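Okay, so here's the structure we're looking at.
The values are calculated or read from the model by the stated rules, or taken from the named source; none is laboratory data. This one's a predicted model, so the numbers in the text were calculated from it and none came from an experiment. All Cβ positions, even for glycine, are placed from backbone atoms using ideal geometry, and neighbour counts span all protein chains on display.
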Amino acid sequence: LATLDKYRSRLDQVSTRLTALEFEGGVTLHDVLTVLQRAELVTRMAVEIERYIVELGTEGRLIEMQLEETMVGVASDKAALLHDYLADPEDEAFAGAVDGIARLPHQDLLDFGRLAEISGYDRKVNTLDFPVSPRGYRILGRIPRLPKLVVQNIVRALRGLDEILAATDPELESVDGVGEIRAKDIREGLRRLQEINLVDRYLQT
């Protein structure tokens, strides 16, 4: 569990950095694949620990509770990351990427070219110099009490996080399922997320 905690801490660090870059509009494919790789490493380690818990039986209950606490948000954040950055936004491509990443041998998981390929990009692309833009699933998914269906509607209507951040109140309100009150909640939620991210980055330095 101590090793898993270290992996999770590293995941949180790179995830916080990605969030800052998303708000600044400076994300590269390398930033995305770093978070994706870390999330998958954490997931695989958790699976290994679950096997030990099964062997321990009732004695493993405390470890199981600690594991559940450590893994909160990992799966949903990884899914949102893929929805944000896969070259092909369709559900079929998402399912294929999830399956492809899960089947990767450990050595290939460390290969960003292979991860880029599974994500729908050229395997030979220079990930450090390849700019990408989030669709908005990951950030919007962190706003409290915002249903997934509404998140989908916003992303489909405004077509990107930059456009969502720049949207006027009438533009947000016109999206199916939003309206005046929810538009204000979204604006406030985005502002708070930026503030929280600044604090998180400060604490990590």
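All of (1) in contact with a Gly (Cβ under 7 Å, 6 or more places away or on another chain); (2) within 30 Å of Leu190 (Cβ to Cβ); (3) surrounded by 15 or more Cβ atoms within 10 Å (Cβ to Cβ) hold for Ala87 with one exception: (3).
Within the stretch 119-131, is there a residue that is in a helix (DSSP H, G or I) and surrounded by fewer than 17 Cβ atoms within 10 Å (Cβ to Cβ)? Don't jump to the end; show me each part of the working.
The first filter runs over the stretch 119-131 and keeps only residues in a helix (DSSP H, G or I), leaving 127-129.
Adding the requirement that they be surrounded by fewer than 17 Cβ atoms within 10 Å (Cβ to Cβ) leaves 128-129.
Yes, the stretch 119-131 contains at least one residue that is in a helix (DSSP H, G or I) and surrounded by fewer than 17 Cβ atoms within 10 Å (Cβ to Cβ).
Checked against the criterion of being within 22 Å of Ala97 (Cα to Cα), of a type in the set (Gly, Ala, Ser) and not in a loop (DSSP other than H, G, I, E, B), the stretch 32-41 contains one or more residues that satisfy it. Of the residues contained in the stretch 43-56, none is found to be within 17 Å of the chain's Cα centre (by Cα), outside any helix (DSSP H, G or I) and of a type in the set (D, E, K, R). Only one of the listed residues (Ala97, Ala46, Ala80, Ala116) is modelled with pLDDT of 95 or more, surrounded by 15 or more Cβ atoms within 10 Å (Cβ to Cβ), out of contact with any Ser or Thr (no Cβ under 8 Å at 6 or more places or on another chain) and of a type in the set (Gly, Ala, Ser). That residue is Ala80.
Scanning the stretch 13-30 for residues that are free of Cβ contacts under 8 Å to residues at least 24 places away in the same chain and among the charged types (D, E, K, R) turns up just one, Glu24. Of the listed requirements (1) closer than 23 Å to Arg17 by Cα; (2) outside any helix (DSSP H, G or I); (3) under 18 Å from the mean Cα position of the chain (by Cα); (4) not aromatic (Phe, Trp, Tyr), Leu146 misses just one: (1). Summed over the stretch 13-31, the residues that are crowded, with 16+ Cβ neighbours inside 10 Å and either outside the structural domain of Asp111 (by TED's automatic domain parsing) or acidic (Asp, Glu) (or both) give a count of 2. Would you confirm, using the coordinates I've provided, whether Leu41 is under 21 Å from Tyr7 (Cα atoms) and either surrounded by 13 or more Cβ atoms within 10 Å (Cβ to Cβ) or of a type in the set (Gly, Ala, Ser) (or both)? It is true that Leu41 is under 21 Å from Tyr7 (Cα atoms) and either surrounded by 13 or more Cβ atoms within 10 Å (Cβ to Cβ) or of a type in the set (Gly, Ala, Ser) (or both).
Would you check which residues across the stretch 151-175 are buried (at least 19 other Cβ atoms within 10 Å of the Cβ) and not small (Gly, Ala, Ser) and list them? Val151, Ile154, Val155, Leu158, Leu161, Ile164, Leu172, Val175, listed by residue number.
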